[in-house]
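Peer 1: Pasting in a structure now, in structure tokens, and then I'll have a few things to ask.
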Amino acid sequence: MRSPEAGPLSSPTTDTDRRTAVLDSALATFARFGYRKTSMEEVARAADISRPGLYFLFSSKEALFRAAVTQALERDIAVVEHVLADVDRPLPERLLEAFDQWAGRYVGPLTRDVAVVIEDNPNLLGGIAQTTPRRFEELITDAIAVESGQETATPVARTMISTSIGLKHQAATREFYLERLKIAIELLVH
């Protein structure tokens, strides 16, 4: 029998929330130090978990990195899907918000490192490094196709994505990125 001092039993929701928080801390730590220089000890400290507890959840640094990036990319895609599904809003507005969620939030001195650590380690990520960008392109293409047809949608979506990538590497701030991307979207979607 558990004593009252032992605290409450963990629930599945608490375990899921804890895992999410550990993965968020891990991604921030990888972004700060880079994959190679990040130790499991640093991640454990940042996540406020013991090192053995971290190894209980993730068998290796590679498994932890893959899980952290996968969580972030899947969360980004889910938000993009939600934004683009809101057909009561004008398409240019939805596209701008979708790109902001996908890439814009990684613009700027503090957040750019997250994108860099992901881009610098594709071999550690497996298929997720290819499938989520493809899924993003499909979502953008499908949203454009509703208004302009599939034939036009594919090249327009690809041009927007190329523009976004160029702006992301050029922009010092998220505001600059969004300002320029808004102009590109207005030019491409009519």
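Every number in this text was worked out from the coordinates using simple rules, so none of it is lab data. Keep in mind the model is a prediction, meaning the values are calculated, not measured. FYI the Cβ positions are ideal-geometry reconstructions off the backbone, even for glycines, and counts take in every protein chain you see.
Peer 1: For Cα pairs less than 8 Å apart in space and 6+ apart in sequence, what is the mean separation divided by the residue count of the stretch 12-188, i.e. the relative contact order in percent? Provide the component values of the computation, followed by the final result.
Peer 2: On the way: 161 pairs, mean separation 40.3, N = 177.
Once divided by the residue count of the stretch 12-188, the mean separation gives 23 percent.
Peer 1: At 7 Å along the Cα-to-beta-carbon direction for both Thr154 and Leu124, put a label point, then send me their distance in nm to one decimal.
Peer 2: 3.5 nm
Peer 1: Candidates [x] 0.94; [y] 1.21; [z] 1.06; which is the computed Rg/Rh (Cα atoms, Kirkwood Rh)?
Peer 2: [z]
Peer 1: Taking a spot 7 Å from the Cα of Ala78 along the direction of its beta carbon, which residues of the stretch 19-52 have an amide N less than 20 Å from it?
Peer 2: Backbone N within reach: 19-28.
Peer 1: Something else: Report the percentage of all Cα-Cα pairs in the stretch 134-190 whose separation exceeds 16 Å, rounded to a whole percent.
Peer 2: Numbers: 670 of 1596 pairs.
Tail of P(r) above 16 Å: 42 percent of Cα pairs.
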